[in-house]
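For reference, the structure discussed in these notes is given below.
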Amino acid sequence: MSVRNVLIVDDSKTELMYLGEMLKKAGYAVSTAESADDARRSLEQTKPDLILMDVVMPGQNGFQFTRALSRDPRYADVPIIMCTSKNQETDRVWGLRQGAHDYITKPVNQAELLSKIKALG
């Protein structure tokens, strides 16, 4: 599977802009959502090739939303990379148990993120 379209889910406009610009410069098409509810609406319109998921968000958090998506037959095949400031090993393990394919901590290292995306394809 080749990753072309990425959905970034993060409640921080700064992070959305930073990650969005980074990915656009690398040649990806990017859409953004500021919450799980926004992301759900976006998913109904277009199914992305990859989701970058923040953890700490109002309403449904990234762990809960990742679990829901990984159990939904419509989206179970969409890889999710958790992209969060939660940097404890227990957080990483929990994120992977919820269905995330990978886990990266903020501040995001561009080379590391692009490498993880490339590894999916």
Practice item. Provide the net charge surrounding GLN110, with neighbours chosen by a C-beta distance below 13 Å and charges set as Lys +1, Arg +1, Asp -1, Glu -1. Key: +3
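How big is the Kirkwood radius of the stretch 5-120, worked out from every pair of different alpha carbons and given in Å to one decimal?
Evaluated over the stretch 5-120, this radius sits at 13.8 Å.
Rounded to the nearest 500 deg cm²/dmol, what is the calculated helix-only ellipticity per residue at 222 nm for the chain, with -39500 (n - 2.57) per DSSP H run of length n ≥ 4?
The helix-only estimate for the chain comes to -13000 deg cm²/dmol at 222 nm.
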Review point. Can you give me the relative contact order of the chain as a percent, contacts being Cα pairs under 8 Å and 6 or more apart?
Key: 24 percent
Review point. Between the DSSP loop rule and a limit of at most 13 other Cβ atoms within 10 Å, which trypsin sites (Lys or Arg not before Pro) in the stretch 2-51 are left?
Key: ARG4
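Every read-out reported here was derived from the displayed coordinates using simple, explicitly stated rules and does not represent laboratory data. The structure displayed is predicted, hence computed values, not measured ones. With ideal geometry, Cβ positions are generated from the backbone for all residues, glycine too; neighbour counts draw on all protein chains shown.
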